[in-house]
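S.K.: Starting off with a structure, shown below.
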Amino acid sequence: MHEQTEPMLQAQDVERLFGAGRTLLGRPKPAVHAVQGVSFAVRKGEILGIVGESGCGKSTLARILAGLDQASAGKVLFQGQDLAAAVRRDFKAVARQIQYVFQDPLSSLNPRKTVRAILETPLRRLLGLGREERERRLQKVIDAVNLRPEHLDRYPHEFSGGQAQRIAIARALAAEPKLIVLDEPVSALDVSVQAQVLNLLDDLKARFGLTYLFISHDLAVVETISDRVAVMYFGRLAEIGPAQRIFTQPRHHYTRLLLDSAPAPGKAIMVPESESGELPDPYNPPVGCAFAARCPAADELCRTRHPALEPAGAPKHLAACYHPPVGSTAHE
Amino acid sequence: MSSSAASQGRVSALGLLLNNRLATAGLVVLVTILLLALIAPLLPLLDPNATSPANRLLPPLSDGHLLGTDALGRDLLSRLLHGARVSIAVGVSATLIAAFFGSLIGLLSGYARGWADSLMMRGIDMLMAFPYILLALAIVAVLGPGLINALYAIALINIPFFARNIRGVTLGLARREFIDAARLSGKSRAAILFTEILPNVLPIIVITMSTTIGWMILETAGLSFLGLGAQPPQADLGSMLGDGRSVLFNAPHVAIIPGVLIFLLVMSINLLGDGIRDVLDPRLKSGALARPMARTAVERESVPEKPATAKDAVLSLSGLRTAFGLGQRQIEAISGIDLHIGRQECLGLVGESGSGKSITAMSIMGLVPTPPGRIVGGSIYFQGEDLLEANDRRIRELRGGPVSHVFQDPLTTLHPLFTVGDQLVEAIRAHQPLRRPQAEKKAEELLELVRIPNPRRRLQAYPHELSGGMRQRVCIAMALANDAELIIADEPTTALDVTVQAQILMLMNKLRHEKETSILFITHDFGVISALSDRVAVMYAGQIVESGPTKEVLESPAHPYTRKLIDCVPVLGQGDRQLDAIEGGPPATGERPPGCAFAPRCAFARDACKRGEIALQPLDAEREVRCLFPLDVKREALVHA
Ligand SMILES: Nc1ncnc2c1ncn2[C@@H]1O[C@H](COP(=O)(O)OP(=O)(O)O)[C@@H](O)[C@H]1O
Ligand code: SF4
Ligand code: SF4
Ligand SMILES: [Mg+2]
C-alpha cells in the first residue's frame, strides 16, 4: 500500500551493550548484549508488533526507538533523520513526534499528581499551549480515551489498572505524536480489560492516523493488533514478516514454540516435555543460534554459526533459521 | 490541584493520627511541653539565672520554688522551662538545617548518579566513618564551645543520615517509569527533580525529621552536659543535667527533673514521629499496634449444618461469606460461595480482578488478615473436617502440609536471604520428622520432580538467581513437599511468559495425576483454564455466577458474563476479529446493585434482573447458573419449568 513512501522509522543494525567499560580499578566489567543487529523499517500508518519473552531485549529496543536511550552501535532513523542526533539537539522536538506507553500503568503515573496535572504537562511543555487552548485539548484527549471530566481531579491510585492505562495513553496522545511506542501496554491488565484497551488503541490509530510499535510477550495479543510482526529472541530478530504469514507459516522454531504455547479457551496445551524455557546465559552467550539448546531441529551448524536473517519464501518475510519448520500451523 | 481536596486530605491524615493512641498521647505531652516552653517568659517565673546561696538545693514543693532549687539556689522550674526553650529551639534548628542540606545532597546525588553521585556519597561516607559523637566533639573543639557551635555540630553530623535516606528513595524514584513519562512530556531535568521527585520524597523527609528530632535534642543535651554546648549561666536541659551531676547523691532532684523532661520530650516526639510515619507511609508501618492475627477471625451468627457434599469432597465451601470492616461499615467481599472439589479434581475459579477469587482462596486456610477481614458466614470442610471450628494448631498442621498454596508472585513465598535448598528443607522438616540429610535428599527429589535441571546445584541457589519460571517451579515443589492433598494456586502463571506458562501448566497437570492431588486453580484468563481444569466456577462481584464441566461451559456458556469472559480472550488465528470487550467495570466491593450484579453491563438485562436476589439454579445435573435468562434457549425452558 505504502510501498513508495519513505519509512517513518528505520532501525539499522541497532545494538545495545550494557555494563561494558572498566571499574574504578581498571578491570573490564562484564558486558551484556541486550540488543544486537536489529534492523527493520516501519511505514506510516503501520502497526509493527514485537514479540518475545521477558529479558529478550524488547524494552531496551523500545527505549532506543523512542529516543529514551541510545544505541551502542547502529542507527535509528526517524523520517530519514538520525534519531540520536535529534535527541541531542532537542529532546522536546522528538517527544512531539514520538511518544511511549509503559507496561505498568500505575508506575508510569506520578502518584502525587492529579490526572489533570499529568495530562497538562505535555500540552504546556511540548506544545506551549495557553490556558484556554489547553483546556479544549484536554477535553478532547480524555474524551478520546473514554474518561470522564470528573476523573481529571483524581489521583492515579484511585483508578483501576485499565483506567490508569487509558490515562497513560491519553498522556502519550496529548502532544499529537506521529509514532507511539507501546511497551507491553496490556500485559499488566486483566484479559477483559485488555480487550477494552486493545480496541481503544485500534480506534485511536484510525482516528489520529498514528503509527504504532506494539510490544508484547503474548502472540495472540500482537496478532489482534499488528500488520507485521517481529519475533525477538535473546536480543536479535528471529523472524519478521506479515502477521498473517508468521502465524500460519512460521519459519523459525522459536516462533513455532510460541504458537504452540499460546493458551486459548478449549485448547489443550502441548509443548515438548524437554522444553526447559530457559534463556541462554547473557554473560556467556552461545556462538551459534541462541535457540539451539531448546530447538528440536538443532544440529552442529546451528551450534557453531549464527544464522542470518534471510528471505523465508514470501515477500517481506525474513527468518534467521538454518532448518526452518515446514508446513503450516493449525492457526488458520 | 484543588485546595479543598488537599485540605480534606490533611484532615483525614490528622484523623488517622488521632486514631493511634500512643501517637495522640505523644502529641498531647509534646504540645503541653511546647506551650509551657513558649509562654515561659510570660509566666510569673523567677529569673532563671538569679542565684541565691541562701536557698541552695531546696527540695521540690518548697515555698516559692515549686520544683526546688539547684546548687546555686536558682529556681528549677524557671530554669527548666527556659532550658526547654533553648533545647527545643536548638534541636529544631539543627533538624531543619540537617534536613535541608541532607535532603538536597540526597536528591541531587540520587538523581545525578554517575561521578557526581560518587563524589557526594564518598564525602558522606567519610563523615559517617567517624564515630558519631566523637565527630561532634571534634567539631565543637575546633569551633569552640557554645550553643550555636553545638547546633552546627549536631546539624552537620546528621546531614549524612538525611542524605543517605533521601538518596536511596530518590534512586528508586528516578528509575520509575513516571520519570521517563515526565521527560517525554517535555519537563527539564531540574523540573523533574523538583516537581516530580521532590513531592514524592517530601513525606520521607518529614518522616525522617520527625524520627530524628528527638535524637538531636538528646545530642544537644549531651554536648551541653559535657559543658560544650550552653555556657553558664544559660540553662538548657543538658547543662542542667550536668549541674545536677555533682549533687546527685544529696539532692537527686536537681538531675532527675531535667532528666524526666528530656525523657518526656524525646519520648513524646518519637511516639508522635512513629504515628506520623504510619500515617504518611503505611508501608513502613511498624505494625506493633495493628498486627494482624495469625488466622482470620470467624464471627458467624450461626453455624450452618454440615452439607451432604462435605463427606466425599476434598474441599467443600458452602455459603461462605467473608467481610471487611471499614470503620463502622462492614463490606462483604464474598457473599455465599459454594464450591466443591473432589479427589484428584482441578477446579478453575475464573473472574476479573476484584471479583473475590483470592479472598475465597485465602479464607480457606484463614489467610485473610484480621483486622480488617472476618469470616461472617458459611462453612469450610476439608476432607470432612470443619476448618472454621478447627483449632489454630490444626490449621498450622494443615498449612503447607495437606493444604498448600502457590501464589502469583513466587517472591511472596520465597525468602530472599535463604537458599532454595534451605527453604525446602525447612518446609519439609516443619511437617515431617526427618533429619537434615534425609530432608535434603527429599528436597533434591522435589526439584527433580518439578523438572529443574541440575537439582543438586540449584539447591544452593538464592531465589534472585533463578528466572521467574524456575522460581515458580520451586514454589510448586514446596507446595508438594509434604504430599499435599489440595493445592490452592492463585494465578500461578499470570506473571510468566507464554512459553513458561505452558510448561508450568503442563507440569501441574502431570503432577496432579501422579500425586493424586486436587487443585483449586485461580485465574482471570479463560485461555488457561482448559489446560488444567475439569470444572470451572465463574465469579462476579463476590458470587459464583456459573459453574460446570470446563468443556461444556466453554462450548455453551449460560451466563452472559461467562460468554463475555470467553470472548475477550484473543485467540491466535483470529486476529482480524474485533475483540469482544466487556465495557465498564465490575461494581466496587460493597456497592453491588440490587438484583443481578452484572445487569449494568449485560446486553440481555431486563427489568426483572434488577429486582431481588437471583439464586444459583441448576441447569442440569452438573451445571448451575445465576441468571434469570440464561443464554442457551433450550435450557431456558428447563429453568423456568
Ligand atoms: N540497565 C541494564 N543493565 C544491565 N543489563 C540490562 C539493563 N537493562 C536491561 N538489561 C538486560 O538486557 C536484557 C533485555 O532486557 P529488556 O529489554 O528489559 O527485556 P524485555 O523488555 O524483553 O523484558 C536483559 O537480559 C536484561 O537483564
Ligand atoms: S537455526 Fe537451528 S537451532 Fe536455530 S532455530 Fe533454526 S534449526 Fe533451530
Ligand atoms: S440476570 Fe439478567 S442482567 Fe443478570 S446476567 Fe442474566 S440476563 Fe443479564
Ligand atoms: Mg519489558
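S.K.: If we keep just the residues of segment B:108-126 that are under 28 Å from residue B:192 (Cβ atoms) and of a type in the set (A, V, I, L, M, F, W, C), which is most open to solvent (accessible area, probe 1.4 Å)?
M.R.: Filtering first and then ranking leaves B:115.
S.K.: Would you check if there is a residue in segment B:13-25 being at negative phi and buried (at least 21 other Cβ atoms within 10 Å of the Cβ)?
M.R.: Looking through segment B:13-25, at least one residue is at negative phi and buried (at least 21 other Cβ atoms within 10 Å of the Cβ).
S.K.: Something else now. With respect to residue A:220, is the statement that it is within 7 Å of chain B (Cβ to nearest Cβ) and either at pLDDT below 90 or touching a strand residue (DSSP E or B) at 6+ places or on another chain (Cβ under 6 Å) (or both) true? Give the steps one after another, and end with the answer.
M.R.: On the way: within 7 Å of chain B (Cβ to nearest Cβ): yes; either at pLDDT below 90 or touching a strand residue (DSSP E or B) at 6+ places or on another chain (Cβ under 6 Å) (or both): yes.
Considered against the rule, which asks whether it is within 7 Å of chain B (Cβ to nearest Cβ) and either at pLDDT below 90 or touching a strand residue (DSSP E or B) at 6+ places or on another chain (Cβ under 6 Å) (or both), residue A:220 comes out as yes.
S.K.: I need the helices (runs of 4 or more DSSP H) fully contained in segment B:124-203, keeping only those with at least 1 residues that are within 30 Å of residue B:217 (Cα to Cα). Reasoning before the result, please.
M.R.: Details: elements: B:132-143, B:147-174, B:177-184.
Ranges flagged: B:132-143, B:147-174.
S.K.: Still on this structure, I have one more. Being in contact with a His (Cβ under 9 Å, 6 or more places away or on another chain) and open to solvent by less than 20 Å² (accessible area, probe 1.4 Å): is that true of residue A:38 here?
M.R.: No, not satisfied.
S.K.: Take residue B:622 and decide whether it is closer than 23 Å to residue A:193 by Cα, part of a loop (DSSP other than H, G, I, E, B) and away from ligand 3 (no atom under 12 Å from the Cβ). Step through it out loud before you land on a result.
M.R.: On the way: closer than 23 Å to residue A:193 by Cα: no; part of a loop (DSSP other than H, G, I, E, B): yes; away from ligand 3 (no atom under 12 Å from the Cβ): yes.
No, not satisfied.
S.K.: Continuing with this model, one more query. For segment B:170-192, give me the residue count where each residue is away from every other protein chain (no Cβ under 13 Å) and open to solvent by 10 Å² or more (accessible area, probe 1.4 Å).
M.R.: Number of matching residues: 1.
S.K.: Sticking with this one: Checking residue A:280 against (1) within 30 Å of residue A:202 (Cβ to Cβ); (2) in a loop (DSSP other than H, G, I, E, B); (3) open to solvent by less than 50 Å² (accessible area, probe 1.4 Å); (4) within 14 Å of another protein chain (Cβ to nearest Cβ): exactly one of these is not met. Which one?
M.R.: Residue A:280 satisfies all of (1) within 30 Å of residue A:202 (Cβ to Cβ); (2) in a loop (DSSP other than H, G, I, E, B); (3) open to solvent by less than 50 Å² (accessible area, probe 1.4 Å); (4) within 14 Å of another protein chain (Cβ to nearest Cβ) except (1).
S.K.: Also: Looking at segment B:476-488, is at least one residue open to solvent by 50 Å² or more (accessible area, probe 1.4 Å), farther than 20 Å from residue B:629 by Cβ and among the hydrophobic types (A, V, I, L, M, F, W, C)?
M.R.: Scanning segment B:476-488 turns up no residue that is open to solvent by 50 Å² or more (accessible area, probe 1.4 Å), farther than 20 Å from residue B:629 by Cβ and among the hydrophobic types (A, V, I, L, M, F, W, C).
S.K.: Moving to a separate point now. Check whether at least one residue in segment A:74-84 is more than 8 Å from every other protein chain (Cβ to nearest Cβ) and closer than 27 Å to residue A:157 by Cα, and report yes or no. It would help to see each step written out before you state the result.
M.R.: Of segment A:74-84, the ones more than 8 Å from every other protein chain (Cβ to nearest Cβ) are A:74-84.
Those left that are additionally closer than 27 Å to residue A:157 by Cα: none.
Among the residues of segment A:74-84, not one is more than 8 Å from every other protein chain (Cβ to nearest Cβ) and closer than 27 Å to residue A:157 by Cα, which makes the answer no.
S.K.: So if I check each of B:244, B:238, B:227, which one is of a type in the set (Gly, Ala, Ser) and surrounded by fewer than 20 Cβ atoms within 10 Å (Cβ to Cβ)? So that I can check it myself, show each step before the final result.
M.R.: Working: B:244 fails: surrounded by fewer than 20 Cβ atoms within 10 Å (Cβ to Cβ); B:238 fails: surrounded by fewer than 20 Cβ atoms within 10 Å (Cβ to Cβ).
From the options B:244, B:238, B:227, the qualifying one is B:227.
S.K.: Let me ask you something else. Could you tell me whether residue B:290 is in a loop (DSSP other than H, G, I, E, B), modelled with pLDDT under 85 and either within 30 Å of residue B:58 (Cα to Cα) or of a type in the set (A, V, I, L, M, F, W, C) (or both)? Steps first, please.
M.R.: Numbers: in a loop (DSSP other than H, G, I, E, B): yes; modelled with pLDDT under 85: yes; either within 30 Å of residue B:58 (Cα to Cα) or of a type in the set (A, V, I, L, M, F, W, C) (or both): yes.
Yes.
S.K.: Another question about this same structure. For segment B:474-483, does any single residue satisfy the condition of being outside any helix (DSSP H, G or I), in contact with a Phe, Trp or Tyr (Cβ under 8 Å, 6 or more places away or on another chain) and within 25 Å of residue B:363 (Cα to Cα)?
M.R.: So far as segment B:474-483 goes, no, none of its residues is outside any helix (DSSP H, G or I), in contact with a Phe, Trp or Tyr (Cβ under 8 Å, 6 or more places away or on another chain) and within 25 Å of residue B:363 (Cα to Cα).
S.K.: For segment A:283-304, how many residues meet the condition of being assigned to a loop (DSSP other than H, G, I, E, B), more than 9 Å from ligand 2 (Cβ to nearest atom) and open to solvent by 60 Å² or more (accessible area, probe 1.4 Å)? Don't jump to the end; show me each part of the working.
M.R.: Here is the first cut: in segment A:283-304, the ones assigned to a loop (DSSP other than H, G, I, E, B) are A:283-291, A:295-299.
Now restrict to residues that are more than 9 Å from ligand 2 (Cβ to nearest atom): A:283-287.
Now restrict to residues that are open to solvent by 60 Å² or more (accessible area, probe 1.4 Å): A:283-285, A:287.
Within segment A:283-304, residues that are assigned to a loop (DSSP other than H, G, I, E, B), more than 9 Å from ligand 2 (Cβ to nearest atom) and open to solvent by 60 Å² or more (accessible area, probe 1.4 Å) number 4.
S.K.: Quick one: which of A:80, A:67 is without any contact (Cβ under 8 Å) to a residue 60 or more places away in the chain, more than 16 Å from ligand 4 (Cβ to nearest atom) and farther than 18 Å from residue A:230 by Cβ?
M.R.: After applying the criteria, what remains is A:67.
S.K.: Mind listing just one residue for me: the one in segment B:358-385 that is more than 28 Å from residue B:590 (Cα to Cα) and not small (Gly, Ala, Ser) and, of those, least open to solvent (accessible area, probe 1.4 Å)?
M.R.: Of all residues in segment B:358-385, those more than 28 Å from residue B:590 (Cα to Cα) come to B:382-385.
From what is left, the residues that are not small (Gly, Ala, Ser) are B:382-383, B:385.
On the way: B:382: 3, B:383: 86, B:385: 53 Å².
Going through the qualifying residues, I end up with B:382.
Residues are listed down the side, and each one gets a yes or a no for (1) part of a loop (DSSP other than H, G, I, E, B); (2) within 16 Å of ligand 4 (Cβ to nearest atom); (3) within 12 Å of chain B (Cβ to nearest Cβ); (4) open to solvent by less than 10 Å² (accessible area, probe 1.4 Å):
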{"site": "A:192", "(1), (2), (3), (4)": "no, no, yes, yes"}
{"site": "A:195", "(1), (2), (3), (4)": "no, no, yes, yes"}
{"site": "A:214", "(1), (2), (3), (4)": "no, yes, no, yes"}
{"site": "A:224", "(1), (2), (3), (4)": "no, no, yes, no"}
{"site": "A:251", "(1), (2), (3), (4)": "yes, no, no, no"}
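S.K.: Something else now. Which condition does residue B:322 not pass, out of (1) touching a helix residue (DSSP H, G or I) at 6+ places or on another chain (Cβ under 7 Å); (2) part of a loop (DSSP other than H, G, I, E, B); (3) at pLDDT 85 or above, if it passes all the others?
M.R.: Among (1) touching a helix residue (DSSP H, G or I) at 6+ places or on another chain (Cβ under 7 Å); (2) part of a loop (DSSP other than H, G, I, E, B); (3) at pLDDT 85 or above, residue B:322 violates only (2).
S.K.: Let me ask something else about it. Look at residue A:192 and say whether it is within 16 Å of ligand 1 (Cβ to nearest atom) and of a type in the set (S, T, N, Q).
M.R.: Against the criterion (within 16 Å of ligand 1 (Cβ to nearest atom) and of a type in the set (S, T, N, Q)), residue A:192 does not qualify.
S.K.: Could you pull out the residue among A:55, A:49, A:74, A:45 that is within 13 Å of ligand 1 (Cβ to nearest atom), touching a residue at least 60 places away in the same chain (Cβ under 8 Å), of a type outside the set (A, V, I, L, M) and in contact with a Ser or Thr (Cβ under 9 Å, 6 or more places away or on another chain)?
M.R.: Matching residue, one of A:55, A:49, A:74, A:45: A:55.
S.K.: Name the single residue, out of those in segment B:609-628 being of a type in the set (Asp, Glu) and open to solvent by 80 Å² or more (accessible area, probe 1.4 Å), that is farthest from residue B:352 (Cα to Cα).
M.R.: Among residues in segment B:609-628 that are of a type in the set (Asp, Glu) and open to solvent by 80 Å² or more (accessible area, probe 1.4 Å), the one farthest from residue B:352 (Cα to Cα) is B:622.
S.K.: Of the numbered conditions (1) away from chain A (no Cβ under 14 Å); (2) on the phi > 0 side of the Ramachandran plot, residue B:390 fails exactly one; give the number of that condition.
M.R.: The number of the failed condition is (2).
S.K.: Within segment B:528-553, track down each residue that is buried (at least 24 other Cβ atoms within 10 Å of the Cβ) and in a helix (DSSP H, G or I).
M.R.: Once the filter is applied, which keeps residues that are buried (at least 24 other Cβ atoms within 10 Å of the Cβ) and in a helix (DSSP H, G or I), segment B:528-553 yields B:528, B:529, B:553.
S.K.: Criterion first (part of a loop (DSSP other than H, G, I, E, B), modelled with pLDDT of 90 or more, open to solvent by less than 40 Å² (accessible area, probe 1.4 Å) and within 26 Å of residue B:534 (Cβ to Cβ)) does residue B:570 satisfy it?
M.R.: Spelling it out, it is not the case that residue B:570 is part of a loop (DSSP other than H, G, I, E, B), modelled with pLDDT of 90 or more, open to solvent by less than 40 Å² (accessible area, probe 1.4 Å) and within 26 Å of residue B:534 (Cβ to Cβ).
S.K.: Let me ask something else about it. Scanning segment B:573-608 for residues that are basic (Lys, Arg) and modelled with pLDDT of 85 or more, which turns out most open to solvent (accessible area, probe 1.4 Å)?
M.R.: Taking segment B:573-608 and keeping what is basic (Lys, Arg), we get B:577, B:592, B:601, B:606.
Add one more test, that the residue is modelled with pLDDT of 85 or more, and what stays is B:601, B:606.
Numbers: B:601: 35, B:606: 124 Å².
Once the filter is applied, the top-ranked residue is B:606.
S.K.: Can you pull out every residue in segment B:139-167 that is closer than 21 Å to residue B:212 by Cα and open to solvent by 40 Å² or more (accessible area, probe 1.4 Å)?
M.R.: B:148, B:152, B:156, B:161, B:164, B:165, B:167
S.K.: So, in segment A:314-332, exactly how many residues are surrounded by 13 or more Cβ atoms within 10 Å (Cβ to Cβ), away from chain B (no Cβ under 14 Å) and of a type outside the set (A, V, I, L, M)?
M.R.: 6
The values are calculated or read from the model by the stated rules, or taken from the named source; none is laboratory data. Since we're looking at a predicted model, the values are computed, not measured. A quick note on method: Cβ atoms are made from the backbone with ideal geometry, for glycine too, and the neighbour counts reach across all protein chains shown. Side chains included, ligands, DNA and RNA excluded: accessible areas come from the protein's heavy atoms. Shrake-Rupley method; radii C 1.70, N 1.55, O 1.52, S 1.80 Å.
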